Amino acid sequence: MFIGSFKTQQEFLESPVWALPQQWNLDNYVAAWTTGNFPLYFANTVVAVIPALFVMLLLGSAAGFALEVLVWRGRSTVALLFLTGIMIPVQMILLPLFTVYFQTGLTGTLWPLFLTYTAAGLPLTVFLMATYFRAIPREVFEAGTIDGASLIQQFFQIALPMMRNALFTVGLVQFFFLWNDLLIALTFVNTGSLRTLQVGLLNFSGQFGSVQYGPLFAAICLNVGIMFIIYLFLNQQIQKGLVSGSVKG
């Protein structure tokens with residue numbers, strides 16, 4: 001794909017797939033950046049994904065804290081409800097959600113993406129964060145209670161700092177899901193100026209199924225490159241987070 005992003009349309013049609021480009025130039029990347037409206041779609045994706053990811057992690061951590069650390073009647077039932085939410089396919093709720101968003105006047109904005117992303121990713125986030133909280137010794141929170149810390153203080157000053165690597169891991173997993181989403185964005189975004197990156201890739205498909213392969217591959221490389229750079233910066237925290245919930249204590 002990276003090599004193909006430097007080929008011209010004629011080279012795609014006349015040369016073998018594995019052939020190297022005759023000239024290594026950035027024309028396809030310039031076309032992806034300008035014709036493909038990459039800056040606008042990138043900004044729309046950031047506005048829709050980052051706030052949803054923040055709210056998802058905050059609510060998921062709070063729910064996981066309440067399900068595993070606190071003792072209250074009915075928490076097993078609530079945990080089962082969150083687990084049931086993981087089993088519901090997003091495709092089943094798209095039409096009812098579209099009806100609700102249309103009747104409330106939210107269509108034509110990025111609010112449907114924010115709300116749907118948050119709600120769709122919350123069950124898995126709660127389940128994973130509860131698993132990580134289960135590995136923290138209860139004595140840590142008991143010591144906080146003895147020292148006079150309230151539940152809110154225990155959550156923000158004790159639990160979240162100890163769950164930093166887990167937050168990075170769960171956050172990155174959810175980030176990849178949201179950043180690469182096409183179905184939800186394609187369903188709720190009907191305005192060209194509000195398209196996300198994944199929907200914007202469809203701009204390189206012309207009439208009668210013709211595809212501008214060079215600019216398309218360049219846009220995909222730019223999209224993947226963003227996620228690759230984020231992973232490079234957070235890979236250490238992710239590796240720690242993957243094993244932090246496997247050992248108790």
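Looking across Leu242, Leu202, Leu232, Leu222, one residue alone is surrounded by fewer than 20 Cβ atoms within 10 Å (Cβ to Cβ) and either modelled with pLDDT of 85 or more or not in a helix (DSSP H, G or I) (or both). It is Leu222.
Of these, Leu113, Leu124, Leu151, which one is under 24 Å from Leu67 (Cβ atoms), at pLDDT 90 or above and among the hydrophobic types (A, V, I, L, M, F, W, C)? It is Leu124. Residues that are among the aromatic types (Phe, Trp, Tyr) and either at positive phi or surrounded by fewer than 20 Cβ atoms within 10 Å (Cβ to Cβ) (or both) are absent from segment 62-71. Looking only at residues of segment 89-101 that are β-branched (Val, Ile, Thr) and over 18 Å from the mean Cα position of the chain (by Cα), we find that the one that is modelled with the lowest pLDDT is Ile93.
Taking the criterion of being part of a loop (DSSP other than H, G, I, E, B), farther than 21 Å from Leu26 by Cα and either of a type in the set (S, T, N, Q) or modelled with pLDDT of 75 or more (or both), the only residue of segment 205-219 that qualifies is Ser210. The set of residues in segment 122-172 that are touching a residue at least 24 places away in the same chain (Cβ under 8 Å) and among the β-branched types (Val, Ile, Thr) comprises Thr125, Val126, Thr131, Ile136, Thr169, Val170.
Within segment 138-175, count every residue that is hydroxyl-bearing (Ser, Thr, Tyr) and farther than 18 Å from Ala63 by Cα. Give the steps one after another, and end with the answer.
Let us first name the residues in segment 138-175 that are hydroxyl-bearing (Ser, Thr, Tyr), namely 145, 150, 169.
Still in the running and farther than 18 Å from Ala63 by Cα: 145.
Total satisfying the criteria: 1.
The set of residues from segment 1-22 being over 12 Å from Tyr213 (Cα atoms) and surrounded by fewer than 10 Cβ atoms within 10 Å (Cβ to Cβ) comprises Glu14, Pro16, Trp18.
For segment 127-159, the set of residues classified as over 24 Å from Gly85 (Cα atoms) and either among the aliphatic types (A, V, I, L, M) or in contact with a Lys or Arg (Cβ under 6 Å, 6 or more places away or on another chain) (or both) consists of Ile136, Val140, Ala143, Ile146, Ala149, Leu151, Ile152, Ile158, Ala159, listed by residue number. A single entry from Leu67, Leu40, Leu80, Leu13 fulfils the requirement of being within 21 Å of the chain's Cα centre (by Cα), part of a helix (DSSP H, G or I) and not aromatic (Phe, Trp, Tyr): Leu40. One residue stands out among those in segment 1-10 that are at pLDDT 80 or above and outside any helix (DSSP H, G or I): the one that is farthest from the chain's Cα centre (by Cα), which is Thr8. Each residue in segment 16-37 was checked for being at pLDDT 80 or above and either assigned to a helix (DSSP H, G or I) or β-branched (Val, Ile, Thr) (or both), and 8 of them qualify.
Every residue in segment 152-188 that is in a helix (DSSP H, G or I), among the aliphatic types (A, V, I, L, M) and over 21 Å from Leu128 (Cα atoms), please.
Leu183, Ile184, Ala185, Leu186
The values are calculated or read from the model by the stated rules, or taken from the named source; none is laboratory data. These figures come from a predicted structure and were not determined experimentally. Positions of Cβ are backbone-derived with ideal geometry, glycine not excepted, and every protein chain shown enters the neighbour counts.
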